[in-house]
1. Multiplying the sequence separation of Glu102 and Ile283 by 0.36 nm and subtracting their Cα-Cα distance, what value in nm do you get?
2. Can you return the lysines within cross-link range of Lys287? Criterion is Cα-Cα under 28 Å, with same-chain partners fewer than 8 residues away left out.
3. For the stretch 225-287, rounded, prolate or oblate, judged on the Cα gyration tensor with a ≥ b ≥ c (square roots of eigenvalues), a/c < 1.5 rounded, else prolate if a/b > b/c?
4. What's the FRET efficiency of Asn215 with Tyr41 using the Cβ-Cβ distance as r and R₀ = 30 Å, to the nearest 0.05?
5. If the label point is 7 Å along Cα→Cβ of His4, which residues in the stretch 43-59 have backbone nitrogen under 17 Å from it?
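The numbers here are math on the coordinates, done by the rules we state, and not lab data. Keep in mind it's a predicted model, so treat the numbers as computed, not measured. Positions of Cβ are generated from backbone atoms using ideal geometry, with glycine treated the same way; all protein chains shown enter the neighbour counts.
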Amino acid sequence: MKRHHHIFIRSVILLGFTLLLFKLMVTGNIYNYIAPKMLPYFYFALIVFMILGGRQFLRGDRAQEAACGCNHEHSYSSSTIKSFSIYLLFIIPVISGFLFSEHTLGASVAKKKGYQFAQIDESTESTNGILSESNQQEGVKQSEVTPDPDETSLEDSVITPKDMYPERYTEMSTKEKIVLNDDNYISTINLLEEEPETFAGKSIVIRGFVYREPNFPASRIVVGRFGVSCCVADAGIYGIMAEGKQVLNYNEDTWIEVHGTVQTAMFNDWNMPIIELSSIHEINKPKQTYVYEEIDYSNLEQ
């Protein structure tokens with residue numbers, strides 16, 4: 001493969017990435033991959049790819065490049081198979097991006113990641129079990145354990161959902177009906193999981209896709225959506241359990257709207273919010289299926 005072939009393919013790859021990013025921006029599919037707060041970095045990457053692609057394309061008109069003085073040769077591989085194999089590593093993502101840019105995460109991925117609160121529960125329970133077993137082996141009674149000042153200070157500095165979403169907490173506490181939308185979805189879920197007893201008895205409206213944990217009874221589901229903090233790689237399912245005979249008619253990944261009353265139930269030894277269903281119906285899959293975490297941690301009180 002000759003030098004000008006290498007330069008042409010590299011310019012096509014760079015301009016291909018530029019066109020892909022531009023397509024994602026125009027169609028709005030970029031939100032299937034990153035959170036809105038990452039858009040400045042996206043725009044920067046778009047401009048850089050455009051400049052590098054154009055510069056690489058113009059290099060093909062030069063018959064010979066000037067020596068850079070680094071005492072070694074900047075040669076291109078003459079093996080077509082080797083070169084093409086390397087370029088395929090960049091070409092395939094570009095083609096895939098154009099073909100599958102509208103794909104979003106669903107119940108199959110949720111099964112692999114697990115119900116978010118269940119993951120927290122397992123790690124916390126494991127830690128507590130280790131500490132308890134250690135104290136028993138040492139013959140130390142729980143009441144005799146002197147708290148470490150550093151540990152006490154650390155507990156006091158823990159930021160709770162109530163600290164992160166004070167306005168939403170006040171709104172939920174004063175109103176008899178809790179309605180979840182794209183803007184308050186994650187904050188509402190976190191507050192409900194933090195203090196389920198506080199909101200028990202209130203009516204609730206939530207939209208999401210159907211997901212079932214392997215150990216759920218047939219009449220129980222999670223109504224949830226994927227929440228994204230930075231990019232789709234850190235996405236996790238945020239949802240509330242719902243229970244009732246009505247859910248038997250809905251398969252996983254079906255988008256539904258649920259009306260009901262907030263109650264509490266034990267799940268993996270944790271007191272969790274659960275919706276006592278009053279009505280449920282199928283809805284169209286929204287154009288934007290993800291919800292995004294928007295917290296300004298700099299404004300939180302220390």
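1. Value of the extension gain: 63.3 nm.
2. Leaving aside lysines fewer than 8 places away in the same chain, those within reach of Lys287 are Lys23, Lys37, Lys111, Lys112, Lys113, Lys177.
3. Details: a/c = 2.30, a/b = 1.18, b/c = 1.95.
Oblate.
4. Result of the calculation: an efficiency of 0.15.
5. Inside the label zone: 56-59.
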